[in-house]
1. What Kirkwood radius, in Å to one decimal, follows from the Cα pairs of the chain?
2. Can you tell which of ALA28, ALA47, ALA63 shows the greatest fluctuation in a Gaussian network model of the chain with Cα springs below 10 Å?
Amino acid sequence: MSDRQQIYARTLDLIEPFNKKGVAITEATRFAQDLEWDSLTVLDFVANVEDEFDVIITMNMQAEIETVGQLVDALVRLTA
């Protein structure tokens, strides 16, 4: 399993508690539109991701990340 696949799998595990609507998650899933997350949910989720991967996701990065796939790509870069 590649690093990206492992990061994707861990990311899916982190999304699960916040997936109140039971949306089927893919790399194209959008946090705001598909999962309908508000800003507080995003903050909680980002904090969990930062703790899990021991990284810092800046506000500028957060603004650019709209989909699960984009988040995974950013985490691959941050953990390299």
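Derivation of every value follows stated rules applied to the coordinates shown; laboratory data play no part. Keep in mind the model is a prediction, meaning the values are calculated, not measured.
1. 12.6 Å is the Kirkwood radius here.
2. Maximum among the listed residues: ALA63.
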